[in-house]
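Below is one structure, written out as structure tokens, with a few remarks after it.
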Amino acid sequence: MDDYEQFISRVKDIHKIGALQGHLGWDQETIMPPNGAQSRGEILSWLAKEQHERTTDPIIGELVEKLSKDESLNQDQRANVKEMKRRYEKASKLPSEFVAEFAKTKSEALLAWQQARSESNFEMFRPTLQKLIDMTKQKIGFYGIETTPYDVLLDEFEVGMTVEDYDPLFDGLKQRLVPLLQKIMNAKETNPDPILPEQMTFSIEGQTEFCTKVSNAMGFDFEGGRMDISTHPFSAGLWPGDTRFTTRFDEKDPFSCLYAVMHETGHALYEQGLSREHSFTPRGDAVSLGVHESQSRFWENQIGRTPAFWHVTLPWFKEQFPDSPDWTPEDLNKIANSVTPGFIRVEADEITYNLHVMLRYEIEKQIFNEDLPVDDLPKLWNSMFEEWFGLEVPNDTKGCLQDIHWSMGAFGYFPTYTLGNLYASQLLHAMSNELGDIDTIIKSGDWSSLLDWLGPRIHQEGSKWTPSELIENATGMPPSPEPFLNYVEEKYSKLYNLD
């Protein structure tokens, strides 16, 4: 066995442990009985330690060092070596016992968050959140701080991105989005949006049938995946041939489930489209959270929030909800795109969504760069939300407990949602240049050409390139916020007849 064969054999074993962790994590969030939490935490802790020790095995270090200088490797092999070298160097800074304890704490935190969220009681989550934040600060210390503590966390989800990158990006977006929001709100005073009838309910069974049909039309292979229910929607590519996503239901608002399903199906299509040839290797992984979010936001917004989409799906909707008003595709599109400041990020419109992301980003900066006390978190959240959105947060469930991310220790994740919005618009622009009018394709009801375009440019490329290289290769230009800003300004100016 030569050096690369020995290396890739070990790498695949490490990835298979990660797949087991993913499967147990999915189970924990969907069907695990509450009494299984303690044992599940111990198992996940053991798996995390085992994976860490295999990743930091000195033999891995020797192999990546040797293979980094091997000029005979092809591009795919070099991608595997480069990424494993990065992971080896980072993981080697963390003690195995810390990794095990952190995994156990995250498992405990998930259950605490679920209970606290259901009862809208931050105090029920505060002790485990405090422990997670303390341990995350320990982790930052192990890694070492080159610029700011928060930069260490941001780099975990989009390699190379820092506060120095995000601050001007978010400032630039706010300068264009806030005036646009104000124009829309002024327009709504004389021409309010249509709304769902208050007295009407939409059965969970009907929503399930409708959303399953939409997911199937998007190209999701239900022979290689499934849809379930969870507190917070998510997607998990467990291993080749098994990709799962979840949603949640509100009988008064079918759009909540629909766009959660379209969002998570977008993630799942990325996972199902990854190269089988490179399974269980870094080359076969999704390249970043920002790119992953681009796939979910593309399907959710650029495809799902259009009149063309409703032209196709309105008959499906009426089939499940025959008592609904005599809506046109344009009516449903206006409801789906209604710009209304609200409490819940995952249900936000395209104009206010990034403001939700920025709020979380600013709070996380204060937690890790300014040592914001955990006790002050709900108060800060509520005061910032009222200042930014003009709304008084009524309870913790609609405030700082709404997202799952902090219970996962995923501090630094939120900014990737905005990157996803930017990448998605840039991909849409490039796609339309090659395929022609996208609305015409959507209206045809055959969306396979959209998935076929994304496949070789994004999905099958895995982690062969860096995120910025991948986007530039796919679109012909480096990542830029301009396509997104042009997209929302054009779209919402038409929707609200703005000057």
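FYI, it's all coordinate maths here, none of it is from the lab. It should be emphasised that the depicted structure is a prediction, and the values quoted were computed from it without experimental measurement. With ideal geometry, Cβ positions are generated from the backbone for all residues, glycine too; neighbour counts draw on all protein chains shown.
Overview of values
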| read-out | value |
| --- | --- |
| Crossing angle, helix 37-55 versus the chain [Cα axis fit, 0-90 degrees, rounded to tens] | 60 |
| For the range 203-277 versus the range 138-165, the gap between their alpha-carbon centres in whole angstrom | 32 |
| Angle in degrees between helix 122-143 and the longest Cα principal axis of the chain, rounded to the nearest 10 | 50 |
| q = 0.12, 0.13, 0.18, 0.21 Å⁻¹, the range 1-93: log10 I(q)/I(0) [Debye, one scatterer per Cα] | -0.46, -0.52, -0.80, -0.97 |
| From phi via Karplus (6.51, -1.76, 1.60), per-residue ³J(HN,Hα) for the range 196-211 in Hz, x at Gly/Pro | 5, x, 4, 7, 8, 10, 10, 4, 4, 4, x, 5, 4, 4, 5, 5 |
| FRET efficiency for VAL159 and SER118, using Cβ-Cβ distance with R0 set to 22 Å, rounded to 0.05 | 0.05 |
| Principal axis dimensions, the range 119-181 - Cα atoms, whole angstrom, descending | 40, 38, 15 |
| Cross-link partners of LYS49 among lysines (Cα-Cα below 24 Å; sequence separation of 8 or more within a chain) | LYS12, LYS16, LYS82, LYS85, LYS90, LYS93, LYS104, LYS106, LYS131, LYS137, LYS139 |
| Base-10 log of normalised Debye intensity for the range 39-124 (one unit scatterer per alpha-carbon) at q = 0.14, 0.21, 0.24 Å⁻¹ | -0.63, -0.92, -1.04 |
| Point-to-point label distance, ASP27-GLN175, nm (Cα→Cβ direction, 7 Å offset) | 5.2 |
| Taking the range 1-93 and dividing mean pair separation by its residue count, relative contact order in percent (alpha carbons under 8 Å, at least six apart) | 36 |
| Those lysines that a straight Cα-Cα span of less than 26 Å connects to LYS494, excepting residues fewer than 8 apart in one chain | LYS174, LYS183, LYS188, LYS334, LYS443 |
| Cα-only radius of gyration and Dmax that characterise the chain, units Å | 22.6, 74 |
| Long-range HN-HN contacts of ILE229 with modeled amide H, under 5 Å | THR247 |
| Dipole axis of the chain (+1 Lys, Arg; -1 Asp, Glu on Cβ), positive-most option in VAL261, SER92, ASN421 | SER92 |
| Computed label-point distance, nm, for sites HIS405 and ILE145 using a 7 Å Cα→Cβ extension | 2.1 |
| Kirkwood-type radius of the range 103-143, with distances r between different C-alpha atoms, in Å | 10.6 |
| Two-decimal ratio, the range 210-301, of alpha-carbon radius of gyration to 2.2 N^0.38 Å | 1.05 |
| With Cα atoms, 0 to 90° folded angle of helix 163-190 axis to the chain main axis | 10 |
| Net charge dipole size for the range 103-143 [Lys, Arg +1 and Asp, Glu -1 on Cβ; Debye, nearest 20] | 200 |
| Relative exposure of THR136, THR190, judged by other C-beta atoms within 10 Å (fewest first) | THR190, THR136 |
| Within the chain, helix-based [θ] at 222 nm, where runs of 4 or more DSSP H residues each add -39,500 (n - 2.57), nearest 500 | -20500 deg cm²/dmol |
| Where Rh is the Kirkwood radius over Cα pairs, Rg/Rh for the range 283-440 | 1.03 |
